[in-house]
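The values are calculated or read from the model by the stated rules, or taken from the named source; none is laboratory data. Remember, it's a predicted structure, so these values are computed and weren't measured experimentally. We place every Cβ from the backbone using ideal geometry, glycine too, and count neighbours over all the protein chains shown.
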Amino acid sequence: MELLLNTHDQVVQSAVIGVKYPVKGEVAKAYIIRAKGSDLDEQGLITWAKEHMSSYKCPKYVEFREALPTLATGKLLRRKLKEDQDA
């Protein structure tokens, strides 16, 4: 899913985690770093994703960030995103 989101011309980097959802139990939430000068919004990205992937894989929520948490080696810290979500 992240590889596909990263192909969007206004996305620099993405990370996707599962978040609790009352109806389905868990749905996808995408964390996105936008390209400089991008006007991409949540609905625009979700609409684009629905055109390019199966509906059950599309993120239900999108959060834009300036940076994603990583280790010094550059590895993404999904655990930190999950902790931030639960807090």
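HIS52 satisfies every condition listed in (1) out of contact with any strand residue (DSSP E or B) (no Cβ under 6 Å at 6 or more places or on another chain); (2) closer than 16 Å to ASP84 by Cα except (2). The set of residues from the range 40-70 being out of contact with any helix residue (DSSP H, G or I) (no Cβ under 8 Å at 6 or more places or on another chain) and without any contact (Cβ under 8 Å) to a residue 24 or more places away in the chain comprises ASP41, GLU42, GLN43, GLY44, ILE46, THR47, LYS50, GLU51, SER54, SER55, TYR56, THR70.
Filtering the range 47-66 to residues that are under 16 Å from ILE17 (Cβ atoms) and aliphatic (A, V, I, L, M) leaves ALA49, VAL62.
Of the residues TYR31, TYR56, the single one that is touching a Ser or Thr at 6+ places or on another chain (Cβ under 8 Å) and closer than 16 Å to LEU4 by Cα is TYR31.
Report yes if GLN85 is at pLDDT 95 or above and outside any loop (DSSP other than H, G, I, E, B), otherwise no. For GLN85, the condition - at pLDDT 95 or above and outside any loop (DSSP other than H, G, I, E, B) - is not met.
It is to be established whether one or more residues within the range 33-55 are surrounded by 15 or more Cβ atoms within 10 Å (Cβ to Cβ) and part of a strand (DSSP E or B). Within the range 33-55, one or more residues are surrounded by 15 or more Cβ atoms within 10 Å (Cβ to Cβ) and part of a strand (DSSP E or B). Once the range 14-32 is narrowed to residues that are surrounded by 11 or more Cβ atoms within 10 Å (Cβ to Cβ) and among the small types (Gly, Ala, Ser), the residue that is nearest to the chain's Cα centre (by Cα) is ALA30.
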